[in-house]
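Below you'll find the structure, written out as structure tokens, and then a few comments.
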Amino acid sequence: MTESIMSKAATMEIPINSNGDTGTLPEDDSLEQAAKLQWSLDEKDLQQVMVSGPNLNETSIVSGGYGGTAEGIIPTSSMKGSNMHHSSSSSSMSAEEATRGVAVEKLETMKKWGLNTYKCTKQMISERFGRGSRTVDLELEAQIEVLRDTKRKYENVLRLARALTNHFYNMVQTQHALGDTFADLSQKSPELRDEFGYNAETQKLLCKNGETLLGAINFFVSSINTLVNKTMEDTLMTIKMYENARLEYDAYRSDLEELSLGPRDAVAMARIEAAQQQYQTQKDKYERLRSDVIIKLKFLEENKVKVMHKQLLLFHNAISAYFAGNQQQLEQTLKQFNIKLRPPGADKPSWLEEQ
């Protein structure tokens, strides 16, 4: 529109009046108004651009010179998306690598476990059929066998002591019920009041002494249970670990001996060196556990003697005082061993105490 107006203005004839001034024509007013209108439109467009500014997401980078083809235009939004895709792909690749590393580690652990199990099973079968050699410590194995035999015998003592506790508890409860019955009959039978009264007092005294003895027997059972099922069991668990280590040690020792009898090329020497390292590791483990077993057996024997000396003395004094009818000595025995009786009227010992 501007170009048409300017061309029109260039071809117009400008009349000059008699004084040399230009004349006023109708076309001059229209031309001036059109120019002002165009200037106002251009100024508004410029202000709008300055206020709003360009949209960075729609900014394009033009490759090549001015007037290049559209193929060289790269939208920045596509570059931003490609960077985000690259970041997400990198994180997913790192996660996959971590997962792959864990899987490889587990696979390697399973491989070592399978190889170790195979060697130990082979060694066990060879020993059972008399084809393989085993490491023997005669003195230590004799002590282990004595401990196992002692544990079986103490378990029998524990079983019998529990049976005695249950039977004696039932007897005390029967004496208590019988004493209550005699006392009731003494009130309802005037002609036999004295006789029923004597028997009621006797049963109550026996019931009281029986509860005292029952407290001593329960303490005896609890101490034997701790010795057998905790102290001895802990030592036997260490012995089991020692026996497994002995089997692994002999398995790797046999494997090393077989490799040593084979060829001596580079591959065989590498395998022999690896077997030597594994053998040394198993040997150190075996010797460490052997030392632990020796120490635990020594402390167990000392503890067993100390505990049983106290418990057997308690059992003897309490039983003797009860059946001798010496109530004072029976109570003194419980005080000597710091045994507190259950409160009167307490029910049967809980299943935890009977275990």
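The values are calculated or read from the model by the stated rules, or taken from the named source; none is laboratory data. A quick note: this is a predicted structure, and the numbers were derived from the prediction, not measured. Because the Cβ atoms are built from the backbone with ideal geometry, glycine has one as well, and the counts that use them run over all protein chains shown. Remember, those area values only see protein heavy atoms, side chains included, never the ligands or the DNA or RNA. Shrake-Rupley method; radii C 1.70, N 1.55, O 1.52, S 1.80 Å.
Along the charge dipole of the range 260-334, Cβ charges K/R +1 and D/E -1, which of Leu297, Ser260, Gln327 sits furthest on the positive end?
Ser260
Students often get this wrong, so check it: of Lys119/Lys304; Lys296/Lys340; Lys230/Lys335, which have C-alpha atoms separated by over 28 Å?
Pairs exceeding the cut-off: Lys119/Lys304; Lys296/Lys340.
Would you please give the residues with an amide H less than 5 Å from that of Gly132, counting only those at least 5 places away or on a separate chain, with H modeled from the backbone geometry?
Result for Gly132 returns Glu127.
Quick one: net charge of Arg193's neighbours, Cβ under 15 Å, K/R +1, D/E -1?
So the environment of Arg193 carries a net charge of -4.
Quick check on my link table: of Lys240/Lys306; Lys122/Lys153; Lys111/Lys240, which ones sit more than 31 Å apart, alpha carbon to alpha carbon?
From the list (Lys240/Lys306; Lys122/Lys153; Lys111/Lys240), the Cα-Cα distance tops 31 Å for Lys122/Lys153.
Ignoring everything but the protein chains, give the 1.4 Å probe accessible area of Ile319 in square angstrom, nearest 10.
40
With only Lys, Arg, Asp and Glu charged, each at its Cβ (+1 for the first two, -1 for the last two), find how big the charge dipole of the range 87-152 is about the Cα centre; round to the nearest 20 debye.
320
Quick check for me: using +1 on Lys/Arg Cβ and -1 on Asp/Glu Cβ, what's the dipole size of the range 105-214 about its Cα centre, in debye to the nearest 20?
1120
What figure, in Å² to the nearest 10, do you get for the accessible area of Glu155 with a 1.4 Å probe and non-protein molecules left out?
Approximately 70 Å² of Glu155 is accessible to the 1.4 Å probe.
How large is ³J(HN,Hα), in whole Hz, for each residue of the range 275-283 in order, when computed from phi with the Karplus curve 6.51 cos²θ - 1.76 cosθ + 1.60 and θ = phi - 60°, using x for Gly and Pro?
These are the phi-based 3J(HN,Hα) values: 5, 5, 5, 5, 4, 5, 4, 5, 5 Hz.
In whole Hz and in residue order, list the ³J(HN,Hα) couplings for the range 153-168 that follow from phi through the Karplus curve 6.51 cos²θ - 1.76 cosθ + 1.60, θ = phi - 60°; x for Gly and Pro.
Whole-Hz 3J(HN,Hα) from phi for the range 153-168: 5, 5, 4, 5, 4, 5, 5, 5, 5, 5, 4, 4, 4, 5, 5, 5.
For the range 286-296, what does the Karplus curve 6.51 cos²θ - 1.76 cosθ + 1.60, with θ = phi - 60°, yield as ³J(HN,Hα) per residue in whole Hz, taken in order and with x for Gly and Pro?
4, 5, 5, 5, 4, 5, 5, 5, 4, 5, 5
Determine how large the accessible area of Val146 is when every protein chain is in place; take a 1.4 Å probe and give Å² rounded to the nearest 10.
Result for Val146: roughly 90 Å² accessible.
The range 194-286: which chymotrypsin sites (Phe, Trp or Tyr not before Pro) are DSSP loop and have at most 14 other beta-carbon atoms within 10 angstrom?
Here no chymotrypsin sites (Phe, Trp or Tyr not before Pro) fit, given the DSSP loop and packing criteria.
Hey, what's the range 212-316 come to in accessible area per residue, 1.4 Å probe, Å²?
In whole numbers, the range 212-316 has 55 Å² accessible per residue.
Test of understanding: express the Cα radius of gyration of the range 141-230 as a ratio to 2.2 N^0.38 Å, with N the residue count.
1.68
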